[in-house]
Structure formats: structure tokens, C-alpha cells
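Visitor: Questions regarding the structure given below will be posed in turn.
Please treat every number below as a calculation from the coordinates, not as lab data. This structure is a prediction, so every number in the text was calculated from the model and none was measured. Cβ: placed from backbone, ideal geometry, glycine included. Neighbour counts: every protein chain shown.
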Amino acid sequence: MRRATKVVAGAAAALTVAAAIALPGAEASGDATVVVHGAALPAGGRSQLNLVGCSSVFGRTTEAIAPMVGIAPDGPSGPDGRRSLAFDLAGGNAVGPVSYVDGVDAITDAGVSVYAPDGTTGVAYVGYQAPEDAGTTLMWIGRADLSAAAGTWTSVDVRGLGYVWTQYDMSTHEQVAEVGASGIPAFVQAMGGDGAGFYAIGFGCDGHAFNTDAWRIGTSDGTTTYDFEGYSTKVSGGQDQTIAPGETLRLGAHVTSGDGAPLGSVRVVLEKKVDDGWAVVQDRTGPDATVPVRPREDTTYRWKVYSTAMVEGAESAPFTVTVQEPDDPTAPPSDDPSTPPADEPSDPPSQEPSAPASSEAPADPAAPAVESTPPADPATPDPTPMTVEQPADAPTDAPADAPASEQPAPPGAAAEAPTG
């Protein structure tokens with residue numbers, strides 16, 4: 001079934017061949033894992049998100065790249081980490097990584113992990129500029145079909161496939177020559193030796209939804225693996241302050257992504273310190289939240305965002321609200337029944353304070369859950385019922401993750417290659 005919630009993640013970077021191939025920034029030597037929050041791969045890196053045509057590299061149809069981030073489906077060969085990217089294309093195009101390299105024959109690992117509930121088909125392209133074409137706009141591009149079985153994680157390495165090779169003028173996208181099928185080492189040797197180029201891998205040609213993670217590109221010096229995880233978050237709000245007995249204080253919080261970008265709806269919880277940890281005071285739907293409190297005694301609070309399929313959890317620094325001693329501590333308590341106790345709100349709450357919903361109890365989901373990337377929607381004014389400070393059951397470490405189609409998330413950068 002086609003997912004309803006999608007957010008365009010960005011536009012494309014292009015592979016260009018002019019006087020020579022200009023490659024994006026070099027990778028460090030040695031094995032390394034790059035954790036990608038959302039779909040925003042490191043800017044200027046040699047691996048980027050890419051859309052290609054399935055029948056031919058430049059034969060793609062107009063389609064927005066719409067990555068979604070969510071819980072990685074279970075499987076014996078699943079990727080490292082908790083989350084993965086998910087895509088649901090219309091069919092006819094393929095999406096995945098493009099990795100630019102100094103020598104195509106020097107690559108020892110070029111692959112991805114992919115999971116498709118109904119299976120999916122894809123395509124691999126290898127771009128190669130022969131030594132005799134250096135300084136021109138000519139490039140050989142090999143094409144090979146890909147497939148992934150249904151209901152299991154498949155690790156795909158395109159290095160050893162046989163490719164049908166076509167030479168293009170990259171400035172016009174016109175075909176110049178074509179040869180039969182050949183593996184990369186044999187073709188490179190026949191063309192005079194190694195040369196710079198790219199590896200592009202994509203799935204979704206048949207329009208079947210799929211998840212992908214653990215993008216890899218490597219040489220004998222080491223392999224770089226890209227691990228897709230949730231959007232990082234930051235929550236700020238609250239400071240140490242002193243109030244008079246019976247005074248009402250409005251505590252506020254603001255949630256952003258890890259890089260300071262605005263977020264859509266997220267659940268943010270005000271907690272207070274108790275003897276055995278932290279207890280929920282009240283929760284709100286962010287990114288902006290306000291909770292009025294009237295503590296009877298000195299109380300330490302913090303704001304917390306709980307981890308979901310979409311976002312990584314975060315906590316604010318604890319802060320303490322100090323309640324002044326009354327002017328006359330020997331004065332008898334008031335007999336006026338209209339005077340509320342110090343720990344009660346001055347106005348009745350419009351809603352009962354609530355502990356986190358049972359659906360957000362910590363658990364690893366038993367079924368695949370994919371969550372769309374959220375748009376930064378304007379914050380809805382938050383209701384501010386007065387909080388009755390009574391102990392509440394705090395949520396355990398992390399609520400369960402909601403389905404991806406229910407929670408949009410902020411866009412990440414995407415890229416596309418090759419284009420002219």
C-alpha cells in the first residue's frame with residue numbers, strides 16, 4: 001500500500017565531467033562508520049543520495065526523492081543500528097547511493113543492505129573514464145539489474161556483477177558507443193587501465209516500498225559505512241529561580257533538531273526529581289510547551305523528549321525552583337475553605353495530568369515501522385492547564401515507536417546524480 005505521508009528531502013548534486021572529473025571531498029583511510037541523522041549525508045562527501053532511471057541512467061522520470069526514517073524491520077541479516085531509510089517510489093526510477101571514486105577497479109566493496117516486504121527490483125550503474133578519454137566529456141557507464149527477495153534483509157555488493165557498457169557524452173547525455181557485457185576488471189583492463197568514476201545503486205524500479213541502510217564504499221585502505229539513524233533533538237528551557245509560597249510559575253520548553261532547525265510535533269515531558277529517579281509532572285505536544293506549576297517545596301525539574309522511530313531522545317539540564325520560607329512560619333493554617341493548598345493550582349485544570357500513553361511503553365516493535373520525515377509546521381498554541389503536582393508513573397526509558405505514516409519529520413538533504 002502506498003504510504004500517504006512523504007516529504008521532499010531535497011534536490012540533486014550532479015556528476016559532471018569537464019576537462020577532468022571533479023570528485024567531491026576525499027574519505028579518510030581506514031574502516032569508518034558515519035552515523036547519518038535522517039537523510040542528510042555529510043555535505044561535500046563522496047557518497048550522496050541519488051535518483052536514476054531504471055532502463056537507462058538518464059532515463060528517469062520526474063519524481064521527488066522522499067526519504068522516510070523509521071525502525072529497521074527485523075531480520076537475521078539486518079543492518080547495525082535501530083533505524084533505516086525507507087522509500088516508496090512510483091516505479092520506473094531507482095533511489096540509493098552514488099559514490100564517487102578515484103579508480104573504479106580499486107574499489108573492494110560497493111553495496112547496500114535492503115529490505116522489501118514484497119521484494120523489489122533495482123539497478124546498478126558504474127561510471128568509468130578511460131585514460132584515453134581524460135580531459136574530455138566522454139564516460140563509459142555500465143548497467144546491471146538488481147533484485148532483493150521479499151521479507152528479509154539482503155546485503156548487495158555490485159562490485160562483481162557483469163555490466164553492459166555504453167559510452168556517453170556527459171555534456172549532452174548522448175550515446176557515443178556501446179559494447180557487450182563485461183565485468184569491471186576485464187573492461188577496465190581492455191580500455192587501458194583504471195580511471196575515476198562512480199558507483200550508483202538504486203532500488204524501487206517496480207514501485208515496491210523498501211528500507212535501506214548500511215551503505216558501503218571501500219578500497220584496500222578501508223571501507224566507509226553509512227548508518228542511518230533518527231533525527232537528533234535538543235530541548236531547552238527552565239532555570240533556577242525562587243518563588244513565594246503559593247506562587248504559580250509557568251515553565252516553558254523549546255525543542256529543535258540537533259542542528260537547531262525547527263521541528264514539527266514532538267512529545268515533550270516535564271519531569272520532577274523524586275527519591276528513586278524522575279516522575280512525570282505533565283506532557284505536552286511541542287516543539288513549544290508550557291506547564292504551570294505551584295510546588296509546595298523546593299523541587300528540581302527537567303524537560304525530556306522521548307526517543308521515537310523518528311527522533312533521538314534528549315533532556316534539558318535540571319533546574320531547581322526554590323520556595324521561600326513564609327514570613328511567619330508559626331502562623332496557623334487558614335480555615336478558609338476557599339484558599340487552596342499550596343500544592344494545588346489556582347484554577348482547576350482543564351484536563352487531568354497524564355502519564356505517557358501505554359502505546360509509548362518501551363519496546364522493540366515486533367513489526368516493521370517506518371516513520372516519515374516531519375515538516376517544520378508552525379507550532380499550535382499549547383493549552384496550559386494548571387498542574388497538580390502529584391506523583392505520576394514516569395514512562396520507562398523510551399516509549400514504543402509509532403508508525404511512520406503517523407509522524408512527519410524534518411527534511412534531510414538529498415542528492416541526485418548523474419545529471420548533465
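Visitor: Let's see if you can work this out: charge +1 on each Lys and Arg Cβ, -1 on each Asp and Glu Cβ, no other charges. What is the dipole magnitude of the range 32-229 about its Cα centre, in debye to the nearest 20?
Guide: It works out to roughly 240 debye.
Visitor: Would you order 203, 187 from fewest to most other beta-carbon atoms within 10 Å of each residue's own beta-carbon?
Guide: Taking fewest neighbouring Cβ atoms as first place, the list is 187, 203.
Visitor: Determine the shape class of the range 56-131: with a ≥ b ≥ c the square roots of the Cα gyration tensor eigenvalues, call it rounded for a/c under 1.5, and otherwise prolate if a/b is greater than b/c, oblate otherwise. Provide the component values of the computation, followed by the final result.
Guide: On the way: a/c = 2.35, a/b = 1.33, b/c = 1.76.
Verdict is oblate for the range 56-131.
Visitor: Something else: Taking the Cα-to-Cβ direction at residue 64 and at residue 285 and moving 7 Å from each Cα, how far apart do the two end points lie in nm?
Guide: Taking the simple label geometry, residue 64 and residue 285 are separated by 2.2 nm.
Visitor: Please give the FRET efficiency for residue 297 paired with residue 317, using the beta carbon to beta carbon distance and R0 = 25 Å, rounded to the nearest 0.05.
Guide: Efficiency for this residue pair is about 0.75.
Visitor: May I ask you to order 66-73, 127-134, 320-327, 53-60 by the average number of other C-beta atoms within 10 Å around their residues, highest value first?
Guide: 66-73, 127-134, 53-60, 320-327
Visitor: In whole angstrom, and with the biggest value first, how far do the Cα coordinates of the range 32-229 range along each principal axis?
Guide: So the three principal-axis extents are 47, 36, 29 Å.
Visitor: Ordered by packing density, taken as the mean number of other Cβ atoms within 10 Å over each peptide's residues, highest first, how do 208-216, 246-254 rank?
Guide: Top to bottom by mean Cβ count within 10 Å: 208-216, 246-254.
Visitor: While we're on this one: What relative contact order, as a whole-number percentage, does the range 161-250 give when Cα pairs under 8 Å and 6 or more residues apart are counted?
Guide: 14
Visitor: Stretch residue 259-residue 236 to full length: gain in nm at 0.36 nm per residue minus the Cα-Cα span?
Guide: 6.9 nm
Visitor: Just want to confirm a number: the relative contact order over the range 32-229, from Cα pairs under 8 angstrom separated by 6+ residues, in percent.
Guide: RCO, the range 32-229: 34 percent.
Visitor: Calculate the FRET efficiency for residue 173 and residue 145 from the Cβ-Cβ distance with a Förster distance of 35 Å, rounded to the nearest 0.05.
Guide: My answer for the efficiency is 0.95.
Visitor: Expressed as a whole number of Å, what is the distance separating the alpha-carbon centroids of the range 138-161 and the range 47-64?
Guide: Distance between centres, Cα-based: 15 Å.
Visitor: Assuming 1.002 mPa s and 20 °C, estimate D for the range 189-250 with Stokes-Einstein, Rh taken as the Kirkwood radius over Cα pairs, in µm²/s.
Guide: Estimated diffusion coefficient is 114 µm²/s.
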